[in-house]
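The values are calculated or read from the model by the stated rules, or taken from the named source; none is laboratory data. A quick note: this is a predicted structure, and the numbers were derived from the prediction, not measured. Cβ placement follows ideal geometry from the backbone for every residue including glycine, while neighbour counts extend to all protein chains displayed. Remember, those area values only see protein heavy atoms, side chains included, never the ligands or the DNA or RNA. Shrake-Rupley method; radii C 1.70, N 1.55, O 1.52, S 1.80 Å.
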Amino acid sequence: MKNRNPFSLFKVGALAALLPLLLLADSQPNIVYILADDMGYGDVQCLNPGRGKIATPHMDRVAAEGMIFTDAHTTSSVCTPTRYGIITGRYNWRTKLQEGVLNGYGLPLIPTTRMTVPRFLSDNGYTTAMIGKWHLGLDIATIDGKQARAAVGIREKLKMGPFPSGQLSNIDWKGSIQGGPVDLGFDSWFGITASLDFPPYVWIRDRNWVGEGTHVKAFKRPGPATEDFEAIEVLGKLAAETVQFISEYQSNKPFFIYMPLPSPHTPIVPSQKWQGQSGIGQYGDFMMQTDDIVGQVVQALDAQGLSGNTLLIVTSDNGCSKAANFKQLEGHGHFASAQYRGSKADLWEGGHRVPFLVKWPAVIKAGSRSDVITCQTDLLATCAELVGKELPANAGEDSESILPIFKGKPVEFSRKGIVNHSVSGHFAYRQGKWKLLLAKGSGGWTLPNEKEMSKVSDALKGQLYDLEQDPAETTNLYEKNLEVAARLLAQLKDDVSRGRSTDGLNAKNDVAAIKLWKNEKGRNK
């Protein structure tokens, strides 16, 4: 018998170990997209080791086993518009939603004729499930045929009840809900209409209410609720539903789970298990519970042997909210926006630069990092490249594929830059190191805001920052670099007027006129 070369045996053994991952890389992955609500860039420990005091071991693990995107952005610094961009690959300001957010009774923002991420994946062999907060509007059946609403004087009925149907709202609790997730490509949905402080406080499964809103509750805003609905229990129920979906999944088809969490958004209600765990207040506790939800999903994937070929994305819909109590957090040494200025609702980086952690062991090298400027609209185009199909010409107008980045390859976008939008409808444009803000202040809630700056007679019309040299946006270079500001403004105008920011046939915005400058007054017009 001939002696075997031990080195050859090593190579064979190594190849055998790699073979499963190589095979997985050629198959379509499961996709799990976890969207936290109001989680700041600095709230994830691995992104803010020097100024972050909240333990997030599960998100840190996703980052360590996958890729950190350091320059990832939401389309807007508030909730509803960001979600529109994720689902459609299109900027929200191309629609009638020019500022603010919808409430829990809002009408559908996405027409059922528009291509969406779940519809595209469903058309290409995926089972699609949504588990969590919608906040993009619903067509709710009512007993009077008018738009859903709470009854007048509902606050006076708090802690009373139950009430007969029709006394708390005009909602037909046995009627069908249209225009929501299951009409836009999801095979199933379990969740809530909007944030936990927006009524109605009643669970929904697919197109049906789970119970009737015969009681009045207020986690901020009073509204109809089922007797057993409690905000403090919502995270646990969403986690259980997701874990059950993964654990019981039997199909050979890949799955897509969209899991938009209602945390750590208000009401800040950590469950009893997590109360006091952070040592820095309720917000820290709620963030730790949010991180644990990520851990439960990862554990479920691991238990089913699915992690290797599952593309897991963990991100947030905007920056941290002032409701977190920044003064208290910073007193403990925790800075929710890390080194960035501003927070939720603002045009400054803290409003829309968010955690974006991606794990896919079959493809993504562990411990990798990307500094490429990306936008959450990029999910649709990325899914298209994943399945090897072209998007329709009238879909994903602001979406670019980031799949090459996952593979460690260079990427060139046809999109020249990204647009950010504030709660009050102000615009910012980012291209390379430069960022132009069409606002005098934060454009949102942080002082100085637009109302405050309107009293400053010699305020500059806009702001321009070099984010390579000044990531904290402390030095406004607008007046010194008017030619740069003009170039970025011209590109922004082109992206708006073409109806798209990527290559393709020109498209139409849903509104005829989009006003870029909310206030034309100021120096350097």
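Only residues that are touching a residue at least 24 places away in the same chain (Cβ under 8 Å) and open to solvent by 10 Å² or more (accessible area, probe 1.4 Å): list them for the stretch 433-448, please.
Passing the criteria: Lys433, Trp434, Lys440, Gly444, Trp445, Thr446.
Return yes when Ala129 is aliphatic (A, V, I, L, M) and open to solvent by 10 Å² or more (accessible area, probe 1.4 Å) and no when it is not.
no
Does the stretch 35-56 include one or more residues that are open to solvent by less than 10 Å² (accessible area, probe 1.4 Å), over 17 Å from the mean Cα position of the chain (by Cα) and of a type in the set (A, V, I, L, M, F, W, C)?
Yes, that holds for at least one residue.
Considering only residues of the stretch 449-473 that are acidic (Asp, Glu) and under 22 Å from Leu489 (Cα atoms), which is most open to solvent (accessible area, probe 1.4 Å)?
Selected residue: Glu468.
Of all residues being closer than 19 Å to Thr75 by Cβ and touching a residue at least 24 places away in the same chain (Cβ under 8 Å) in the stretch 474-493, which is surrounded by the most Cβ atoms within 10 Å (Cβ to Cβ)? Just the residue, please.
In this case the residue turns out to be Leu488.
With Lys237, Lys253, Lys273 as the choices, which residue is closer than 17 Å to Trp134 by Cα and open to solvent by 40 Å² or more (accessible area, probe 1.4 Å)?
Among Lys237, Lys253, Lys273, only Lys237 is closer than 17 Å to Trp134 by Cα and open to solvent by 40 Å² or more (accessible area, probe 1.4 Å).
Does the stretch 495-510 include one or more residues that are of a type in the set (A, V, I, L, M), surrounded by 13 or more Cβ atoms within 10 Å (Cβ to Cβ) and in a loop (DSSP other than H, G, I, E, B)?
Yes, the stretch 495-510 has at least one match.
Which number in (1) open to solvent by less than 30 Å² (accessible area, probe 1.4 Å); (2) modelled with pLDDT under 95 marks the one condition that Gly13 misses?
Exception for Gly13: condition (1).
Taking Tyr429, is it within 25 Å of Leu102 (Cα to Cα), outside any helix (DSSP H, G or I) and touching a Gly at 6+ places or on another chain (Cβ under 6 Å)?
yes
Condition check: without any contact (Cβ under 8 Å) to a residue 60 or more places away in the chain, on the phi > 0 side of the Ramachandran plot and assigned to a loop (DSSP other than H, G, I, E, B). Does Gly305 satisfy that?
yes
Across the stretch 308-330, which residue is nearest to Val234 (Cα to Cα) among those that are assigned to a helix (DSSP H, G or I) and in contact with a Gly (Cβ under 9 Å, 6 or more places away or on another chain)?
Ala324
Across the stretch 213-234, what is the number of residues that are in a loop (DSSP other than H, G, I, E, B), out of contact with any helix residue (DSSP H, G or I) (no Cβ under 8 Å at 6 or more places or on another chain) and crowded, with 21+ Cβ neighbours inside 10 Å?
Selection size over the stretch 213-234: 2.
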